[in-house]
Amino acid sequence: MSTRPRLFVPTDLMAGSPVALDESQSKYLFKVMRLNVGQEVRVFNGRDGEWLARVHEILGKSAGILKVETQLREQGILTDLHLLFAPLKKTRTDFVVEKATELGVEVLQPVMTEYTQSDRVRVDRLEKLTMEAAEQTERLNMPRVLQPLHLIKAIEALPSDRRVYFCDERGDSEEEDWGGDDNRARPMADVLNEHKKGTAAVLVGPEGGFSPQERKMLRKMEGIYPVSLGPRILRAETAAVAALTLFQALCGDWRAAADGSGVDE
Ligand code: SAM
(Lines give C-alpha, C1' and ligand atoms only; values in the text may rest on other atoms or scores of the structure.)
Protein backbone atom coordinates (compact mmCIF):
# COMPACT_ATOMS: atom_id res chain seq x y z
CA MET A 1 0.00 0.00 0.00
CA SER A 2 1.33 3.40 -1.00
CA THR A 3 2.17 6.06 1.58
CA ARG A 4 1.72 8.90 -0.90
CA PRO A 5 -1.14 11.19 0.19
CA ARG A 6 -4.40 10.47 -1.61
CA LEU A 7 -7.02 13.06 -2.56
CA PHE A 8 -10.47 13.11 -4.12
CA VAL A 9 -10.62 15.82 -6.80
CA PRO A 10 -13.61 16.71 -8.96
CA THR A 11 -11.64 17.48 -12.17
CA ASP A 12 -11.17 15.10 -15.13
CA LEU A 13 -7.90 13.19 -14.88
CA MET A 14 -5.52 12.54 -17.77
CA ALA A 15 -1.78 12.72 -18.30
CA GLY A 16 -0.57 16.32 -18.18
CA SER A 17 -3.77 17.87 -16.81
CA PRO A 18 -3.45 20.39 -13.96
CA VAL A 19 -5.43 19.99 -10.72
CA ALA A 20 -6.15 23.12 -8.69
CA LEU A 21 -6.17 22.40 -4.96
CA ASP A 22 -8.74 23.96 -2.66
CA GLU A 23 -7.86 25.46 0.71
CA SER A 24 -8.30 22.36 2.84
CA GLN A 25 -6.43 20.12 0.37
CA SER A 26 -3.57 22.64 0.22
CA LYS A 27 -3.41 22.87 4.01
CA TYR A 28 -3.36 19.10 4.26
CA LEU A 29 -0.59 18.64 1.66
CA PHE A 30 1.62 21.61 2.48
CA LYS A 31 1.07 22.20 6.22
CA VAL A 32 0.22 18.74 7.58
CA MET A 33 2.14 16.50 5.16
CA ARG A 34 4.80 19.16 4.44
CA LEU A 35 5.04 18.33 0.73
CA ASN A 36 7.23 20.41 -1.56
CA VAL A 37 7.24 21.04 -5.30
CA GLY A 38 8.01 17.80 -7.19
CA GLN A 39 6.61 15.42 -4.55
CA GLU A 40 4.05 12.76 -5.36
CA VAL A 41 0.32 12.60 -4.57
CA ARG A 42 -2.38 10.14 -5.66
CA VAL A 43 -5.64 11.56 -7.01
CA PHE A 44 -9.01 10.03 -7.96
CA ASN A 45 -12.33 11.48 -9.11
CA GLY A 46 -14.68 8.49 -9.06
CA ARG A 47 -14.63 8.18 -12.86
CA ASP A 48 -11.09 7.90 -14.24
CA GLY A 49 -9.36 5.54 -11.81
CA GLU A 50 -6.40 6.57 -9.65
CA TRP A 51 -3.53 8.71 -10.98
CA LEU A 52 -0.08 9.71 -9.86
CA ALA A 53 0.31 13.48 -9.72
CA ARG A 54 3.12 15.76 -8.62
CA VAL A 55 3.11 19.08 -6.77
CA HIS A 56 3.64 21.63 -9.54
CA GLU A 57 3.20 24.94 -7.72
CA ILE A 58 2.59 26.01 -4.14
CA LEU A 59 0.69 29.28 -3.99
CA GLY A 60 1.00 30.27 -0.33
CA LYS A 61 -0.46 27.94 2.32
CA SER A 62 -3.99 27.73 1.00
CA ALA A 63 -3.65 27.05 -2.72
CA GLY A 64 -1.57 24.99 -5.08
CA ILE A 65 -1.51 23.08 -8.34
CA LEU A 66 -0.75 19.44 -9.07
CA LYS A 67 0.18 18.05 -12.48
CA VAL A 68 -1.23 14.62 -13.35
CA GLU A 69 1.28 12.06 -14.68
CA THR A 70 0.38 8.36 -15.05
CA GLN A 71 -2.56 6.14 -14.21
CA LEU A 72 -2.01 3.84 -11.22
CA ARG A 73 -5.34 1.97 -11.17
CA GLU A 74 -8.25 1.67 -13.57
CA GLN A 75 -11.76 2.44 -12.37
CA GLY A 76 -12.83 -1.23 -12.54
CA ILE A 77 -16.15 -2.86 -11.67
CA LEU A 78 -18.32 -1.61 -8.84
CA THR A 79 -19.98 -3.61 -6.08
CA ASP A 80 -23.56 -2.59 -6.56
CA LEU A 81 -24.75 -2.34 -2.97
CA HIS A 82 -27.13 0.25 -1.52
CA LEU A 83 -27.82 1.05 2.13
CA LEU A 84 -31.25 2.31 3.13
CA PHE A 85 -30.99 3.60 6.68
CA ALA A 86 -33.16 5.57 9.05
CA PRO A 87 -31.23 8.66 10.21
CA LEU A 88 -30.03 8.38 13.80
CA LYS A 89 -28.57 10.91 16.23
CA LYS A 90 -25.78 12.92 14.57
CA THR A 91 -22.67 10.98 15.62
CA ARG A 92 -24.35 7.64 15.00
CA THR A 93 -25.44 8.63 11.50
CA ASP A 94 -21.87 9.79 10.88
CA PHE A 95 -20.62 6.39 12.01
CA VAL A 96 -23.04 4.56 9.66
CA VAL A 97 -22.02 6.72 6.70
CA GLU A 98 -18.30 6.35 7.36
CA LYS A 99 -18.45 2.56 7.86
CA ALA A 100 -20.76 2.04 4.87
CA THR A 101 -18.23 3.90 2.71
CA GLU A 102 -15.41 1.72 4.03
CA LEU A 103 -17.50 -1.37 3.34
CA GLY A 104 -18.07 -0.48 -0.31
CA VAL A 105 -21.65 0.83 -0.40
CA GLU A 106 -22.42 2.70 -3.64
CA VAL A 107 -25.59 4.54 -2.65
CA LEU A 108 -26.65 5.82 0.77
CA GLN A 109 -30.38 6.46 0.98
CA PRO A 110 -31.71 7.99 4.23
CA VAL A 111 -35.27 6.75 4.81
CA MET A 112 -37.93 8.28 7.02
CA THR A 113 -39.83 5.66 9.00
CA GLU A 114 -42.61 5.92 11.57
CA TYR A 115 -40.25 5.81 14.51
CA THR A 116 -37.41 7.88 13.00
CA GLN A 117 -36.51 10.52 15.55
CA SER A 118 -34.10 12.63 13.61
CA ASP A 119 -35.99 14.69 11.03
CA ARG A 120 -33.09 16.64 9.52
CA VAL A 121 -30.41 15.17 7.29
CA ARG A 122 -27.54 17.36 6.08
CA VAL A 123 -26.69 15.63 2.81
CA ASP A 124 -23.74 18.00 2.14
CA ARG A 125 -22.18 17.09 5.50
CA LEU A 126 -22.63 13.38 4.86
CA GLU A 127 -21.04 13.80 1.42
CA LYS A 128 -17.99 15.33 3.06
CA LEU A 129 -17.74 12.31 5.37
CA THR A 130 -17.93 9.91 2.42
CA MET A 131 -15.15 11.84 0.71
CA GLU A 132 -12.85 11.57 3.73
CA ALA A 133 -13.64 7.89 4.21
CA ALA A 134 -13.12 7.15 0.49
CA GLU A 135 -9.75 8.92 0.55
CA GLN A 136 -8.44 6.94 3.47
CA THR A 137 -9.95 3.60 2.48
CA GLU A 138 -8.35 3.52 -1.01
CA ARG A 139 -11.72 3.48 -2.79
CA LEU A 140 -11.78 4.77 -6.34
CA ASN A 141 -15.18 6.37 -6.03
CA MET A 142 -17.44 7.91 -3.43
CA PRO A 143 -20.90 6.64 -2.57
CA ARG A 144 -23.76 8.88 -3.62
CA VAL A 145 -25.77 10.29 -0.72
CA LEU A 146 -29.39 10.78 -1.77
CA GLN A 147 -31.98 13.15 -0.33
CA PRO A 148 -34.11 11.49 2.38
CA LEU A 149 -37.25 9.73 1.22
CA HIS A 150 -40.20 8.18 2.96
CA LEU A 151 -39.49 4.46 3.49
CA ILE A 152 -42.01 3.15 0.98
CA LYS A 153 -41.10 5.76 -1.66
CA ALA A 154 -37.43 4.82 -1.32
CA ILE A 155 -38.22 1.16 -1.92
CA GLU A 156 -40.55 1.93 -4.81
CA ALA A 157 -37.76 3.98 -6.40
CA LEU A 158 -35.51 0.90 -6.62
CA PRO A 159 -35.50 -1.21 -9.79
CA SER A 160 -37.59 -4.35 -9.31
CA ASP A 161 -34.59 -6.69 -9.64
CA ARG A 162 -32.72 -5.14 -6.68
CA ARG A 163 -33.20 -7.41 -3.68
CA VAL A 164 -33.81 -5.62 -0.39
CA TYR A 165 -32.54 -7.32 2.75
CA PHE A 166 -34.86 -5.96 5.41
CA CYS A 167 -33.09 -6.27 8.79
CA ASP A 168 -35.94 -7.11 11.13
CA GLU A 169 -34.91 -7.60 14.75
CA ARG A 170 -38.30 -8.98 15.75
CA GLY A 171 -39.09 -10.70 12.49
CA ASP A 172 -39.24 -14.20 13.88
CA SER A 173 -41.98 -13.56 16.41
CA GLU A 174 -44.52 -16.40 16.39
CA GLU A 175 -47.21 -14.40 18.14
CA GLU A 176 -47.23 -11.31 15.93
CA ASP A 177 -49.19 -11.18 12.71
CA TRP A 178 -46.07 -10.14 10.75
CA GLY A 179 -44.24 -13.25 11.94
CA GLY A 180 -45.22 -16.91 11.81
CA ASP A 181 -43.88 -19.58 9.51
CA ASP A 182 -44.41 -17.79 6.20
CA ASN A 183 -43.18 -14.36 7.17
CA ARG A 184 -40.37 -15.27 9.47
CA ALA A 185 -37.12 -13.30 9.14
CA ARG A 186 -34.52 -15.93 8.29
CA PRO A 187 -30.82 -15.74 9.20
CA MET A 188 -29.27 -13.29 6.75
CA ALA A 189 -26.36 -15.62 5.93
CA ASP A 190 -28.78 -18.39 4.86
CA VAL A 191 -30.71 -16.04 2.59
CA LEU A 192 -27.53 -14.62 1.03
CA ASN A 193 -26.15 -18.09 0.42
CA GLU A 194 -29.22 -18.84 -1.68
CA HIS A 195 -28.74 -15.67 -3.75
CA LYS A 196 -25.01 -15.14 -4.19
CA LYS A 197 -25.25 -12.81 -7.20
CA GLY A 198 -27.35 -9.79 -8.12
CA THR A 199 -27.88 -6.20 -7.09
CA ALA A 200 -28.88 -5.59 -3.50
CA ALA A 201 -29.86 -3.11 -0.82
CA VAL A 202 -29.68 -3.46 2.95
CA LEU A 203 -32.45 -1.80 4.97
CA VAL A 204 -31.84 -0.90 8.63
CA GLY A 205 -34.35 0.81 10.92
CA PRO A 206 -34.09 3.57 13.54
CA GLU A 207 -33.35 3.31 17.27
CA GLY A 208 -37.01 2.44 17.88
CA GLY A 209 -37.14 -0.25 15.18
CA PHE A 210 -39.88 -0.64 12.56
CA SER A 211 -43.55 -0.27 13.43
CA PRO A 212 -45.90 -3.30 13.14
CA GLN A 213 -47.57 -1.62 10.14
CA GLU A 214 -44.22 -1.16 8.39
CA ARG A 215 -43.31 -4.78 9.04
CA LYS A 216 -46.57 -5.98 7.52
CA MET A 217 -46.35 -3.59 4.57
CA LEU A 218 -42.75 -4.47 3.75
CA ARG A 219 -43.62 -8.16 3.70
CA LYS A 220 -46.25 -7.53 1.04
CA MET A 221 -43.76 -5.85 -1.31
CA GLU A 222 -41.93 -7.68 -4.11
CA GLY A 223 -38.24 -8.41 -3.65
CA ILE A 224 -38.11 -7.74 0.09
CA TYR A 225 -36.40 -10.38 2.21
CA PRO A 226 -36.88 -10.07 6.00
CA VAL A 227 -33.61 -11.17 7.60
CA SER A 228 -32.30 -11.70 11.11
CA LEU A 229 -28.85 -10.83 12.43
CA GLY A 230 -29.05 -13.23 15.34
CA PRO A 231 -30.77 -13.44 18.71
CA ARG A 232 -29.53 -10.13 20.14
CA ILE A 233 -31.04 -6.72 19.37
CA LEU A 234 -28.20 -4.71 17.91
CA ARG A 235 -27.96 -0.96 17.83
CA ALA A 236 -28.91 0.35 14.42
CA GLU A 237 -25.33 1.30 13.53
CA THR A 238 -24.03 -2.13 14.59
CA ALA A 239 -26.77 -3.80 12.53
CA ALA A 240 -25.77 -1.76 9.45
CA VAL A 241 -22.11 -2.75 9.77
CA ALA A 242 -22.98 -6.41 10.47
CA ALA A 243 -25.37 -6.71 7.51
CA LEU A 244 -23.00 -4.97 5.06
CA THR A 245 -20.12 -7.14 6.25
CA LEU A 246 -22.14 -10.31 5.74
CA PHE A 247 -23.16 -9.20 2.27
CA GLN A 248 -19.61 -8.35 1.20
CA ALA A 249 -18.27 -11.62 2.63
CA LEU A 250 -20.88 -13.90 1.07
CA CYS A 251 -21.98 -12.12 -2.11
CA GLY A 252 -19.83 -9.04 -2.61
CA ASP A 253 -16.29 -7.95 -3.38
CA TRP A 254 -14.58 -9.73 -0.49
CA ARG A 255 -15.33 -12.94 -2.37
CA ALA A 256 -14.26 -11.52 -5.70
CA ALA A 257 -10.93 -10.44 -4.21
CA ALA A 258 -10.38 -13.97 -2.85
CA ASP A 259 -11.43 -15.52 -6.18
CA GLY A 260 -9.00 -13.27 -8.01
CA SER A 261 -11.80 -12.24 -10.35
CA GLY A 262 -10.60 -8.68 -10.24
CA VAL A 263 -13.57 -6.77 -8.84
CA ASP A 264 -12.15 -3.42 -7.94
CA GLU A 265 -13.96 -0.24 -7.07
N1 SAM B 1 -36.12 -0.77 19.60
C2 SAM B 1 -36.08 -1.96 18.84
C3 SAM B 1 -36.47 -3.15 19.66
O4 SAM B 1 -36.22 -3.13 20.85
O5 SAM B 1 -36.95 -4.10 19.08
C6 SAM B 1 -34.66 -2.19 18.34
C7 SAM B 1 -34.32 -1.50 17.08
S8 SAM B 1 -32.65 -1.78 16.63
C9 SAM B 1 -31.86 -0.85 17.83
C10 SAM B 1 -32.43 -0.81 15.18
C11 SAM B 1 -32.44 -1.55 13.87
O12 SAM B 1 -31.32 -2.42 13.79
C13 SAM B 1 -33.63 -2.42 13.61
O14 SAM B 1 -34.74 -1.73 13.10
C15 SAM B 1 -33.08 -3.43 12.61
O16 SAM B 1 -33.14 -2.93 11.30
C17 SAM B 1 -31.64 -3.59 13.05
N18 SAM B 1 -31.42 -4.75 13.94
C19 SAM B 1 -30.98 -4.74 15.21
N20 SAM B 1 -30.81 -5.98 15.68
C21 SAM B 1 -31.17 -6.82 14.68
C22 SAM B 1 -31.24 -8.24 14.57
N23 SAM B 1 -30.91 -9.05 15.57
N24 SAM B 1 -31.67 -8.76 13.39
C25 SAM B 1 -32.02 -7.96 12.36
N26 SAM B 1 -31.98 -6.61 12.43
C27 SAM B 1 -31.56 -6.04 13.56
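The values are calculated or read from the model by the stated rules, or taken from the named source; none is laboratory data. If you're wondering where the values come from, they're calculated on a predicted model, not measured in any experiment. Quick reminder, even Gly has a Cβ in these numbers, built from the backbone with ideal geometry, and neighbours come from all protein chains shown. Just the protein is used for accessible areas: all its heavy atoms, side chains included, with ligands, DNA and RNA removed. Shrake-Rupley method; radii C 1.70, N 1.55, O 1.52, S 1.80 Å.
Run through all the Cα pairs of the stretch 33-137 and give the fraction in each 5 Å bin from 0, expressed as whole percent.
The distribution over the stretch 33-137 is 2, 10, 17, 17, 15, 12, 11, 8, 4, 2, 1, 0, given as percents.
Just subtract the alpha-carbon distance of Lys61 and Leu234 from 0.36 nm times their residue separation and send over the number in nm, one decimal.
Residue separation times 0.36 nm, minus the Cα-Cα distance, leaves 57.7 nm.
Could you pull the accessible area for Glu214 with a 1.4 Å probe, rounded to 10 Å²?
Number for this one is 10 Å².
Under the 0.36 nm per residue contour assumption, what length would be gained going from the current alpha-carbon distance of Glu102 and Gln71 to full extension?
My answer for the length gained is 8.9 nm.
Would you check the accessible area of Asp124, probe 1.4 Å, heavy atoms only, in square angstrom rounded to 10?
The accessible area comes out at roughly 90 Å².
What is the dipole size for the chain, taken about its Cα centre, with +1 at each Lys and Arg Cβ and -1 at each Asp and Glu Cβ, in debye to the nearest 20?
Rounded to the nearest 20 debye, it is 880 debye.
Can you give me the accessible area per residue for the stretch 6-73, using a 1.4 Å probe, in Å²?
Result: 51 Å² per residue.
State whether the stretch 81-259 is rounded, prolate or oblate according to the following rule on the C-alpha gyration tensor (a ≥ b ≥ c being the square roots of its eigenvalues): a/c under 1.5 gives rounded; otherwise a/b larger than b/c gives prolate, and the remaining case gives oblate.
Note, shape of the stretch 81-259 comes out oblate.
What's the local net charge at Glu69, with K and R +1, D and E -1, over the other residues with C-beta under 11 Å away?
Charge balance near Glu69 sits at +2.
Helix 236-250 against the longest principal axis of the chain: what's the angle in degrees, Cα atoms only, rounded to the nearest 10?
Relative to the chain, helix 236-250 is tipped by roughly 80 degrees.
Rounded to the nearest Å, what's the spacing between the alpha carbon centres of the stretch 4-31 and the stretch 52-96? Just the number, please.
The two parts, judged by their Cα centres, are 10 Å apart.
How many percent of DSSP beta bridges within the chain run antiparallel, rounded to 5?
Of all bridge pairs located within the chain, approximately 40 percent are antiparallel.
Net charge near Leu21, counting Lys/Arg +1 and Asp/Glu -1 over other residues with Cβ under 10 Å of its Cβ?
Around Leu21, the surrounding residues sum to -2.
On the protein heavy atoms, probe 1.4 angstrom, tell me the percent of accessible surface of the chain carried by carbon and sulfur.
Exposed carbon and sulfur together represent 50 percent of the surface.
Hey, if we sort Ile233, Ile58, Ile152 by accessible area with the 1.4 Å probe, largest down, what's the order?
Correct descending sequence by accessible area is Ile233, Ile58, Ile152.
Enumerate the amide H contacts of Met112 below 5 Å, restricted to partners 5 or more residues apart or on another chain; note that Pro and chain-start residues carry no placed amide H.
Result for Met112 returns Leu149, His150, Leu151.
Only Cα pairs under 8 Å and at least 6 apart count here; give the relative contact order of the chain as a rounded whole percent.
It comes to 19 percent, rounded to a whole number.
For the stretch 6-73, go through all pairs of different Cα atoms, get the mean of 1/r, take its inverse, and jot down that Kirkwood value in Å.
Taking every pair of different Cα atoms in the stretch 6-73, averaging 1/r and inverting gives 11.5 Å.
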